[in-house]
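Remarks on the structure that follows.
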Amino acid sequence: MASPAGASRHDGARDQLLAHLRGLEPWQLEDFKLGLQCPELLPEGARSVPWADLRAAGPAGLLCLLEERFPGRRTWEAALRVFEDMRLSSLCERMRAELAAFIPLDRSPIGTPLCSGSCPPQVERKEAGGCFCILAVGPSAVMILVVRASFKALVFLGSTLGSVSNPTPGRETVGSTEITSGSELVFQPGRISASRPHCFISEMSEGCRLGDPNQEEPEMLEETAHRRGYRQRLRKRILALWARTPWPEDHIYLRHVTQREHEELRGLLRPRGAGAPPLSMLLEGAAGVGKTTLATKLVLHWAEGVLFRGRFSYVFYLSGHRLAELGNTSLAGLLALDWPDSQVPVEEFRAHPERLLFVIDGAEEVTLGSDGSAGRPSADWYQELPAASILVRLLKKELVPEATLLVTAGPPGGRALRRLLLSPRRVSIPGFTEGDRWEYLRRFLGDLDVAEAAWRRMRGSETLVGSCAAPLACWAVCAGLKRQLAGSPASALGAPTPTSLYAGFFCSLLSGAEPGLLAGSSAGQWRAFCSLAAEGLWLAAFTFAGDALERRRLEAPFIDGLLRLQILRRVSDCEHCVTFAHRSFQAFFGALFYVLWGTRGSLGGVPRHQEMRQWLNDAFADANAYWRQMARFFFGLLGTELARQLEEALGCQMSPGVAHEVLDWAEELETCGAISAHFDFLWLFQCLQETQDENLARQVLNHLPEADLDIQGCEHLRVSSFCLQHCQKLRKLRLSVSGRVLEKKWTSGVGTPEMRAADIRMYQWEDICSGLCSRNLSELDLSNSKLSTASVMRLCLKLGNPRCRLQKLTWKSVSPVEALRKLGILLRGNQHLTHLDLSSNSLDTAVCTGLLAMLRRSACSLKYLWLEKGNLSAAACEDLASLLTSTPRLTRLCLGLNPLGDEGTRLLCDSLTRPECVLQRLELWCCRLGAPSCRHLLDALLRSRSLTHLNLRRNNLGDGGAKLLCAALGHADCALQSLNLSHCSLTVAGCRELAHALKCNGRLKVLDVGSNAVQDGGVKELCGVLKSPSCVLQTLGLEKCGLTAACCRPLSSVLGSSKSLENLNLLGNDLGLDGVSRLWTALRKSTCKLRKLGLGKDLCSAVSADLEKLREKGCFLRVKPQWDFNDPEERWWW
């Protein structure tokens, strides 16, 4: 096993490589991705990274992909090869030194197997994607050891088999354990113990500890009287908090698991090892899953003297709600709140700060703004500051940096806390497992047959099952389900909706409530109560003090009634504050506010209908779980039957015009372009299905001009099938089936539940395909979809329907590849298709031949064809050449990232010379072309009357190849207008040939020679011809050409005299301020036509003031730190 020091070195190496990637300019990061696509740059035998994954990856994502494809030392080697190819010499020197310092020191690098393969029979060794697992099966437990290069420690996880209930009748399961890797260790226990109070943590065996397994807890120190008194006071406080937290009478308490509990809690805070920084632990999880209970149980066990007494001298429990209520105080004053007397032994604390543990519970309840005081590090325990500032200092380790921190937070607050904590170890608390939820439902309903039927209905809604992770939410759902089953038989059909269950649950509670909650005079109280809930969600406030209740004129008897019904709870550490028993309760009543009769908004400013539109926009663009849940309840409450039930239960009138207000909001989405890039269309679909009103859904969806859907599960498939058939005005659709809901192959017999479920999914897919036949849909993107041959067949049959008007189809990285053969159905029937993108599909010879044959025989009007990264070889070029001469409208062909070679170029160029070929744009970037290819291209350029754009980027053409191309460029018959020769191994000699050709060429408008050894001499050669009145060049790319300030004098001369040059890219060159100053002399002249200039970030900042002065004079020049090759305003086309 690697030592802690070795693991630390590997972690340092990983962090250092991530820092190098983050230090790249955007265009450098793009070149790094492209470098990973060149096989000659990768380690021998390594698989290239899918371009679909690379295209959107940031620095952290790139590092994860590198580690997955090139584990261990090869991660650095792969990155170093690409950096060398990018000519980042200084960075490469540093990396070689770091590689020698970090990697060789560890004799057992992380990412290598931990066993030799001679494991005992009961041990199974598994290896996948750079992650090595050892699965040991014993009579009472399953132990999993996972080692990954990005983890900071080795983690043993276990789940006791004997006490796990069956999530599905007749099937035994083990509590799942999930480990999510990131920059820090993310540990998500799957085992649940739900005693009262609940504790959610996986059961770890005696030997399964985080950190160094040989490190023992220190000897228990002799206890002083004041320490003993503090422990007793802290124990009373924690027990009092638990005593003030009531639970419903019919709530089900699952098994009481206490065995090894102390070891589990001790394992959470296992030291990192000698020399490691103090631990900061972040417990994350949804509301109500047990974060507070786990934290307080740890504090209680220390106070009772059975846990951590030798490790921590003092444990301090800080409540986020309590901190939010405090004004100015000091750290010493804060700790004095729980001290038995006023004499806090600060000096004792400061003498051994490493023996202090701060448990900060609910940190997200504190507004963690960074005021001026928080920014000045200070170790003064007595300095008076706002309580929030003290908390920020503790989290950032500016106060008591040697202490250990354990912080709890919900998902929204957790993201902000990660930025404050130093290298936190994150632990996810998932709540009830699926087995726990089934067991809870079975015991709540009592009857096994009824429970099985109810469970099958619940399983139809993944969102509903997921919401039951928290015990109180599970209680509410089960109570609502029980009420439905006791009603009419019709209510037992289909999957229940969360809104219907919550509405039934609250109606059931109120049916036995005291008259004060149901009398006619209580209608105003209910409206005020719902307004309070909505306001809290607007302000992210979940606890309400007495003054907030008084401001809403909520009466004490009404609040007391809600407390008795368990809708509200007293805040455990604040007698005068209340909170909703679960956050979902607040979301329900907040949604109800916008359905009740009334015109005033919850915030007291804008009217209710305007406020409603604003939060709907936010809810579908924001990842905040509480907004999303509120939106789902709101749409569910639009149903007339639920509205009638709640009117009777609450004595409040519902607003009859809410549905019309929703339609007005939907119309704004279409007319005002209110749909943002982050709009969650799938969530809108789920909310519309929640209404159970097909007519309303049709009217809302009729306003959608585009949609972006990522189907990950059965529920997504169901709601998409329901909604897409009503999107009659949909013009653009991105539909990715990333979940494996359509590619599953069942081995069960006909009529089994699995087969019936598969049939239902296929019917739903067919409904989706039928919706794609809309006459308005013109663009469809199916990239990254996991389909089946049968599902592709159904899709192509619909898209090949004469009613279908589809013009653009993107089919990138779709599995299985063999299903491409079914495209013939579409191509024969659709006469409107003009754009087809089949990139990132590994096409073998048979599939490629069949596909190109189908394209030649197709009835469509194909103009643009993309076959990037299709594993096409020279053998495929013969079929491609035939396609070029038999497809009379094909004007653009992209073959980038295919190993075509010189022979493939020869075959293609033969067809380019034919008069039947009308191709205008040809992309052959990164196709392993050499100088011989240029000889074939020379003939094609001279004889083709249509070819105007040629992209040869990232091919090793050299100056010899450039000379051959220039022979064509200098000829009057050459029609070429755009030429990309970036990263083609050109030198000054190649630029000399280009300059000579440009003297005779009056058509070339775009030339890119970036990432070549052009140097100042090459620029001088080009500038000599750019000043000529006959030169029409409009865009010149010189990024990363090894230029210095010396080249700026000839460039300045060109800028002052050229009548055509509008775009100049100088990114990645060491021009310095002197060089830019020379350029600026020309830019100030009225004769300068330049409109866009690419400079590095530092130089952009240096010229910002001068640029502003130019704009005041009416100049339209833009100076950009990155070059957007897809900007429609530019003349770049690749």
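For the reader, a short list of remarks on this structure follows.
- Across the stretch 878-889, computed HN-Hα scalar couplings (Karplus, 6.51 cos²θ - 1.76 cosθ + 1.60, θ = phi - 60°) run 5, 5, 5, 4, 5, 4, 5, 8, 10, 10, x, 10 Hz from first to last residue, x flagging Gly and Pro.
- Per-pair calculated FRET efficiency, R0 = 22 Å: Asp250 and Ala513 via Cβ, rounded to 0.05: 0.90
- Cβ-based net charge around Ala707, under 10 Å, with every Lys or Arg adding one and every Asp or Glu removing one: +1
- Dividing the radius of gyration of the alpha carbons in the stretch 970-1134 by their Kirkwood radius gives 0.94 for Rg/Rh.
- Candidates per chymotrypsin sites (Phe, Trp or Tyr not before Pro) in the stretch 563-633, loop by DSSP, up to 15 other Cβ within 10 Å: Trp597
- Evaluating 6.51 cos²θ - 1.76 cosθ + 1.60 at θ = phi - 60° for every residue in the stretch 1076-1091, the Karplus couplings come out as 5, 4, 5, 4, 5, 4, 6, 5, 6, 6, 5, 7, 6, 9, 5, 10 Hz, glycine and proline recorded as x.
- Amide hydrogen neighbours beyond the local backbone of Leu787, cut-off 5 Å, H modeled: Ser815
- Antiparallel %, DSSP beta bridges [both residues in the stretch 225-428], to 5: 10 percent
- Peptides 240-247, 280-287 ordered by average Cβ neighbours within 10 Å, highest first: 280-287, 240-247
- Classified by the C-alpha gyration tensor, the stretch 497-652 has a rounded form. Its axis ratio a/c, with a ≥ b ≥ c, is below 1.5.
- Each residue of the stretch 907-918 was assigned a 3J(HN,Hα) from its phi angle through the Karplus expression (A = 6.51, B = -1.76, C = 1.60, θ = phi - 60°), giving 5, 5, 5, 4, 6, 5, 7, 7, x, 6, 7, 10 Hz with x at Gly and Pro.
- Amide H contacts for Leu282 (H built 1.01 Å from N in the peptide plane; partners 5 or more residues away or on another chain; cut-off under 5 Å): Val407, Arg425, Arg426, Val427.
- Net charge of Cβ neighbours under 11 Å - reference Glu452; Lys, Arg +1; Asp, Glu -1: +2
- Sorted by Cβ neighbour density within 10 Å, fewest at the top, the residues Thr1087, Thr640, Thr404, Thr905: Thr1087, Thr640, Thr404, Thr905
- Cross-link partners for Lys1120 among the lysines, with Cα-Cα distance under 17 Å and sequence neighbours closer than 8 places in the same chain left out: Lys1040, Lys1089, Lys1092, Lys1097, Lys1109.
- Neighbour cut-off at most 12 other Cβ (10 Å), DSSP loop, trypsin sites (Lys or Arg not before Pro), the stretch 775-805: Arg775, Arg803
- Cα-based shape type of the stretch 434-488, given that a ≥ b ≥ c are square roots of the gyration tensor eigenvalues and the cut on a/c is 1.5: rounded
- Counting every other Cβ atom within 10 Å of each residue's Cβ, Lys1027, Lys1085, Lys297 order from fewest to most as Lys1085, Lys1027, Lys297.
- Sites Thr987 and Ala416, calculated FRET efficiency, Cβ-Cβ separation with R0 51 Å, nearest 0.05: 0.50
- Virtual spin-label span in nm between Lys732 and Asn702, 7 Å along Cα→Cβ: 2.4 nm
- Residue exposure sequence - Arg437, Arg94 - by fewest surrounding Cβ within 10 Å: Arg94, Arg437
- For Asn898, the residues whose modelled amide H falls within less than 5 Å of its own, excluding neighbours fewer than 5 places apart on the same chain, are Lys869.
- With distances taken between every two different alpha-carbon atoms, the stretch 225-428 has a Kirkwood hydrodynamic radius of 17.7 Å.
Only the coordinates and a few stated rules stand behind these numbers; no lab work does. As the structure is a computational prediction, the values presented were derived from the model and not from experiment. When we count neighbours, we look across all protein chains shown, and the Cβ atoms used for this are built from the backbone with ideal geometry, even at glycine.
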